Amino acid sequence: MRQNSKLQAIVLGVLSACSLAAGYEVQFSDADYSRQVCSGMWASQSTFINVTFDESSSQGQVAMVIYEWKDVKYLGVTTSTTDDSLPKTYVCTTDAVRSGLCAYDNVGKFIFSSDDGTTANQTTFWTASVALNQTGGASSDSSGLWESPEGNPTPPADNYTSPWRSPELHHSLRQSSDLLNPSPSGTVAYTQPIQYQVRTNGYYCVAILPVTVLNPTARQAPTDVPSHPTYNGVVLFRNTFDGQLPATDYPKVNFYLAMFFIYAIAGSVWAWLCYKHVTELLPIQYYLSSLVAFLVIEMVANWVYYRYLNAHGKTAASVVFLFVVAILDAGRNALSFFMLLVVSLGLSVVCESLGRTMLKCQILAGLHFVFGVLYAVGIVELELESTSALVLLMFVIPLAFTLSGFLMWILYSLNGTMTQLSVRKQRYKLRMFKRLYYILLGTVAIIAVFFVISSMSFSDRLAEDYAAKSWKIRWWLLDGYLALLYFFTFWSIAYLWRPSENNRRLAMSDEIAQEDEDAEDYDLETLQQRTVAREDDEITLVNSRREPEALAEDHVVFEIGDEDIGSDDEGETAVKKRRGGERRASGDRQDSADEERQGLIHKDRDE
């Protein structure tokens, strides 16, 4: 027995962890509702899973299994071929042996079952029966498993030797990649952390079930009530990266670092344009410059936050850091939509002030900021697999309402601004706002497509294999695509409003019509003035033809040229020419009348 104990200790040593490397840790205990701990893993030649029990609070016997999710179909055996309502049997017990579901030498372990001829050594399946808090050595007495009613199989003899206990055979098997994690035979006493080697990317699970056995002692009889195991411990998933982040969140570290560099480069180009045209900058470009700096800071904050989580895990400081990042993210969204809304309303281009409408814009931006903070915190803190749909909707729906309000108001205001610019023949400004409209329309279409995809993905979140299928792309659905969509949308809009040498000319000035047909109806107010002037002029000409004597005596009627109509259009020029001709004709008639008067005066004097 002593020699067998040493051999078992050798096998356990192969499966134990000597490294203290940091990794993603998950606590477990016998009081957990779920007996299984799973996580995705990015693998390399040095990645592994450690299972550590708290020896001071753990006692009894447990059945353990570690596997990659693609091999879950081999876990357990069908209990009855005639009654589909019965669940599968997962652990080999004396009842399972009696029913022919497993062999007696696998009692206390998880059952491996294959219908296609696949063996356990060809899969990632590893199982063991582990005895906790055994002070008598590395071996454990498995006779308690056989303390059951008459009719159970005969327990193995004391001199029984398992092939797994042969050091030579064990060494040869360890050289084979197919047997990277061989399952030990018998019941293994826990003395140090159990290690499972991982060499391929995947979604790995650790399941631990208590096995109720009889442990007779000097003060117990075999007929006493069996003891129920109690245990506590931690599962460590050591990925190819150094840190405590789960594998599904680690891509965010490199993603936000890359986004920081991209924003910094784009921000540098923007800063150069602002410096080059500093005398021509518009107020909206000052706002955009502030937002560019804000975005660079936000990317840095996100990167530092996930780096801190990876290095230190979830602590009180990380919670504070989370709120800071959430506030920055919500502030960025609220400011972006607020600026886009006031631009769509035509501030500084169509009108100088928005009046009370500005207050409504500010209230909407404030609500969007508050709901954005709640959403950002909830996404990080809530577990999608275990959180109810009602709680998730409480975080999503308010933000969706304010977001929809922003988008609808922006599109409505943009249409109104474009209509006004079209009437005023402001082609250059109209072209800018049309491009802005197309950018927003494309953004809404992309959001709608991804909303459908995300909804279809999250609708299966309660499915058993949801986490196994989505762990690699979950960060992309929650953070990645939204960040990239915002990046392209923001810089597309910023390109339209980029600093240039013509900024001041576009601020509050109007574009002059370039074609004759546009000159006829360019300004509505001038057109109305010109129409009234033409009607008055026609009436005056008709009266002058009907009463020539009265017109000859009244010189003031033809001094219409002294009135300031204020237009240089071709139509008004023609009117002025007609007025000048009439004044010259009136002058000739007046000269003739004067000559006649002078002749009469001289004639009277001579007489």
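Taking residue 38, is it within 22 Å of residue 232 (Cα to Cα), open to solvent by 20 Å² or more (accessible area, probe 1.4 Å) and at pLDDT 90 or above?
So residue 38 fits the description; yes.
Can residue 140 be described as modelled with pLDDT under 85, touching a Ser or Thr at 6+ places or on another chain (Cβ under 8 Å), closer than 22 Å to residue 188 by Cα and not basic (Lys, Arg)?
yes
So how many residues does region 420-447 have that are of a type outside the set (A, V, I, L, M, F, W, C) and either without any contact (Cβ under 8 Å) to a residue 12 or more places away in the chain or not in a helix (DSSP H, G or I) (or both)?
Number of matching residues: 7.
From the set of residues in region 476-524 that are modelled with pLDDT of 70 or more, out of contact with any Leu (no Cβ under 9 Å at 6 or more places or on another chain) and in a loop (DSSP other than H, G, I, E, B), which is most open to solvent (accessible area, probe 1.4 Å)?
Taking the candidates together, the pick is 501.
Here are some conditions: (1) assigned to a helix (DSSP H, G or I); (2) closer than 18 Å to residue 35 by Cα; (3) touching a residue at least 60 places away in the same chain (Cβ under 8 Å). Residue 70 meets all but one. Which one does it not meet?
Among (1) assigned to a helix (DSSP H, G or I); (2) closer than 18 Å to residue 35 by Cα; (3) touching a residue at least 60 places away in the same chain (Cβ under 8 Å), the lone unmet condition for residue 70 is (2).
Return yes or no: is residue 472 surrounded by fewer than 17 Cβ atoms within 10 Å (Cβ to Cβ), at pLDDT 80 or above, within 20 Å of the chain's Cα centre (by Cα) and basic (Lys, Arg)?
Criteria met by residue 472.
With the checklist (1) under 30 Å from residue 476 (Cα atoms); (2) surrounded by 18 or more Cβ atoms within 10 Å (Cβ to Cβ) in hand, flag the one item residue 408 doesn't pass.
(2)
Within region 191-202, can you find the residues that are open to solvent by less than 30 Å² (accessible area, probe 1.4 Å) and touching a Gly at 6+ places or on another chain (Cβ under 8 Å)?
202
Go through (1) closer than 30 Å to residue 463 by Cα; (2) surrounded by 14 or more Cβ atoms within 10 Å (Cβ to Cβ); (3) modelled with pLDDT of 85 or more for residue 397 and report which single condition fails.
Status for residue 397: all satisfied but (2).
Return yes when residue 371 is surrounded by 15 or more Cβ atoms within 10 Å (Cβ to Cβ) and under 22 Å from the mean Cα position of the chain (by Cα) and no when it is not.
yes
From the list 346, 378, exactly one residue is at positive phi and either basic (Lys, Arg) or open to solvent by less than 40 Å² (accessible area, probe 1.4 Å) (or both). Which is it?
Checking each option against the conditions leaves just 346.
For the structure I just gave you, tell me whether residue 403 is within 27 Å of residue 474 (Cα to Cα) and either assigned to a helix (DSSP H, G or I) or of a type outside the set (Lys, Arg) (or both).
yes
The values are calculated or read from the model by the stated rules, or taken from the named source; none is laboratory data. None of these values were measured; they are calculated from a predicted model. Neighbour counts are summed over all protein chains in view; Cβ atoms, including those assigned to glycine, are modelled from backbone coordinates with ideal geometry. For the accessible areas, the whole protein counts, side chains as well, though only heavy atoms, and no ligand, DNA or RNA atoms are used. Shrake-Rupley method; radii C 1.70, N 1.55, O 1.52, S 1.80 Å.
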